[in-house]
Amino acid sequence: MPIVPWLRYQGPVRKAHPDIMRRAPPAKVEALRTIKIIIYDCDGVLIDSREANRAFYNDILAHFGLARLTEEQLDFVQAATSGQALEVLFKGHPRRQEAQAYQRTLDNEAYISLLRLEPHIRETLTALRPPYLTAVATNRGRSLDLALQRFHLENLFDLTISSYQVSHPKPHPECLLTILKHFRLRPDEALYIGDSRVDLLVSQLAGVPFAAYKNPLLEALYHLEDHRELLLVLAQ
């Protein structure tokens, strides 16, 4: 299966230093002085949705008599909208449009129970507010509200932007630009936390500083292995 270039995994795997947040250079610390809003990706950052997405797309593939997802395909759909995912999974298939229609008939609640909350995210969000605003910018679509409600996170964000609320989903920067416009903020007044190359590209295109969550391979202002580390950084 062809993989979209912005999702291609590159470079050797290396473990992030556990004290990376406490050894921040002055330039990095200074870059955070202007930040007023923390914007989060959803899948892989707020919630572990890997098994939920595996089940969702495997059910669609099985309905059309196709093989189950490979791990590489699962890596791709994690950062894509459902529409983007099916365009790739059904590329060249005569029932591609039928698959797109079929996925819209599935009950998302059947997969919500497979979601898992990322450790310490609730207490981190609570500690951030105030003085910081918090928001979500994600390629998750109509199931975003269900996912946030499952973990009682819906009241911990000032604004949430899903793929259903923009004309151009990620990797287009519209989601971040919409949030900045809503709060009348400059790009340097925001920090976007993501876990994929799609998230990094979105940040770069919007001019917003980027923090990588559990992915030391991404170029980022900061690398977080635990959400609480962000509080240490902002306190410097």
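Just so it is clear, none of the values below were taken in a lab; they were calculated from the coordinates. What you are looking at is a predicted structure, and each value in this text was computed from that prediction instead of being measured. So basically every Cβ, Gly included, is an ideal-geometry build from the backbone, and we count neighbours across all protein chains shown.
If I go through region 53-84 residue by residue, how many of them are part of a helix (DSSP H, G or I) and either under 15 Å from the mean Cα position of the chain (by Cα) or not hydrophobic (A, V, I, L, M, F, W, C) (or both)?
First, pick out the residues of region 53-84 that are part of a helix (DSSP H, G or I): 53-63, 71-79, 82-84.
Next cut, either under 15 Å from the mean Cα position of the chain (by Cα) or not hydrophobic (A, V, I, L, M, F, W, C) (or both) only: 53-54, 57-59, 63, 71-79, 82-84.
So the answer is 18.
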Residue that is surrounded by the fewest Cβ atoms within 10 Å (Cβ to Cβ) [pool: residues in region 55-79 that are within 21 Å of D41 (Cα to Cα) and touching a residue at least 60 places away in the same chain (Cβ under 8 Å)]: E72
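In region 130-162, how many residues are of a type in the set (G, A, S) and crowded, with 22+ Cβ neighbours inside 10 Å? Break it down into steps so the answer makes sense when it comes.
Our first condition is that a residue be of a type in the set (G, A, S); within region 130-162, this holds for 135, 137, 141, 143, 147, 162.
From the residues that got through so far, the ones that are crowded, with 22+ Cβ neighbours inside 10 Å too are 135, 137, 143, 147.
Residues meeting the conditions: 4.
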